[in-house]
1. Along the charge dipole of the chain, Cβ charges K/R +1 and D/E -1, which of 353, 250, 145 sits furthest on the positive end?
2. Assuming R0 = 60 Å, what is the FRET efficiency of residue 232 and residue 365, from their Cβ-Cβ distance, to the nearest 0.05?
3. Based on the mean of other beta carbon atoms within 10 Å per residue, what is the order of 234-247, 338-351, most packed first?
4. What does the extension gain come out to for residue 12 and residue 194, with contour length at 0.36 nm per residue minus their alpha carbon separation?
5. Full extension from residue 398 to residue 90: what is 0.36 nm times the residue separation minus their Cα-Cα distance, to one decimal in nm?
6. Determine the per residue accessible area of the stretch 24-70 with all protein chains present and a 1.4 angstrom probe, expressed in square angstrom.
7. Can you tell me the order of 210-217, 39-46 when each peptide is scored by its average per-residue count of other Cβ atoms within 10 angstrom, highest first?
8. Within the stretch 303-347, name every residue whose backbone N is under 11 Å away from a label modeled 7 Å from Cα of residue 128 along the Cβ vector.
Amino acid sequence: MVYKAENGGIFLEWIEVSGGRPLNGVLKVQGSKNAALPILAGSLLHKGRTILHHCPRIQDVDSMVAILRDLGCEVTWEADSLTIDAGNLCSFYVPHQWGEKMRSSVILLGSLLGRLGKANLPYPGGCTIGERPIDIHLAALGEMGVRITSKEHRFEAAAEELTGKRLRLRFPSVGATENVILAAVLAKGRTILENGAREPEIEELLRFLKGKGARIEEKEGVYVIDGVEELSDSEFCLVSDRIVAGTYLFAAAATRGAICLEDAPVRHMTAVLDALRRMGAVIRIGGGTILMDGRKAGMPIPYLKTEPYPGFPTDLQSPLLAALAVAEGESCVEETIFEARFHVVRHLNRMGADIRVDGNRASLKGVGKIHGTYVKAEELRGGAALLVAALAAEGTTLLEEPGYIRRGYEDIFADFRRLGASIRHHQYGG
Ligand code: EPZ
């Protein structure tokens, strides 16, 4: 697609991949995007400094940094460390463009309420993978004394005093769990949250908040938060990104390569490593290192479904499809988290895959080989899956809209080049 660059010029960008080469080599895994975003929001709860190490330099983090600066924070990068000083936080108004550019800006709701008692945010809106409502967030915060008023595409949340309550989420929404925890940290009294999400990124948020003096305990998805008066300066090192690590492993399996991932969040990847073993990969673990021999990873997976953690993560469903497309035999993947997360299938089928979608199930007939063609990324993880397929395909693939992939992957094109891939970046105009 040809579109206008910021300076009004015509701008066209695509990635050219010459596929069919096994990926081999060693990579270090970047910091976790989905841990960084709620933790950056959480830094607003403290009238002082927070230093975050191992922060991924990706578009979504850049967007969150820009929002924090809009709200009055001082934020500086030094290599992969971010220093945030939220002492001068002076606004609770998140400009409109951030709702479209990054729907996870909704994660600022809990911390702005906790610090300022008010938040005025754009409705995040849906995206290609689903409607993405926030009713669970708003219902839970409403029980804590928050009043919500809607106006066009925005909403304002306000609470004279946030009060701890016993709450139960109807579904273990990751974002809603994070927003309730962030709102409860400085609230009056005790909040007990039942049926909360248990993703590793929330475990990270708890580790971060406790390191700042918050009083939080968790047991089997029940969170108990006792409000405190204030938090303290802190330094924190982010865990590595389990979805990025899994994407790289599926790419190596799809190209029948063998790779070593260093600084990988191994204990958060059990379901992913099990799926790779079912495909025939041989995996050895040592500390934070994953060694995977994917030379025989061409077996099908008769049935797998995505589930809340510790089940197989929905964010790796599309990269898994790409790897299964070039396996032998019949596989079936059921998506239970998002209602529209199979957009990538039509692009994979144009590459020669044989995938049928029926409701929330994708049935694949592994074709062994697929071929390069022109494809277009439509969202982050689907775009990553198309890159995995292009690396496995025979011939050349032109992948347009690579910007979607940069939202979550720090340097994926250079990383795959380090593993032997032939990837060229093209852009015209701008
Ligand atoms: C987080 O999104 C992640 N994003 C997503 O990763 C991830 O796919 C998702 O959790 C599930 O693991 C970040 O952490 C920034 P949810 P979130 O609230 O919080 C429905 C990526 O690729 N729902 O657990 O938005 C919702 O529609 C992204 O990195 C409601 O109905 O996920 C969805 O079907 C994509 N009402 C399901 O719950 C609500 O109020 C799971 O959503 C909230 C959610």
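The values are calculated or read from the model by the stated rules, or taken from the named source; none is laboratory data. These numbers come from a predicted model, not from an experiment. Here the Cβ positions follow ideal geometry from the backbone for every residue, glycine too, while neighbour counts run over all protein chains shown. Note: areas computed on protein heavy atoms with side chains; ligands, DNA, RNA excluded. Shrake-Rupley method; radii C 1.70, N 1.55, O 1.52, S 1.80 Å.
1. With unit charges placed on the Cβ atoms, the residue in question is 353.
2. E between residue 232 and residue 365, to the nearest 0.05, is 0.55.
3. 234-247, 338-351
4. Full extension of this stretch gives 60.7 nm more.
5. Going from the current span to full extension adds 106.3 nm.
6. Ligands and nucleic acids excluded, the result is 29 Å² per residue.
7. Ranking the peptides 210-217, 39-46 by packing returns 39-46, 210-217.
8. 341-347
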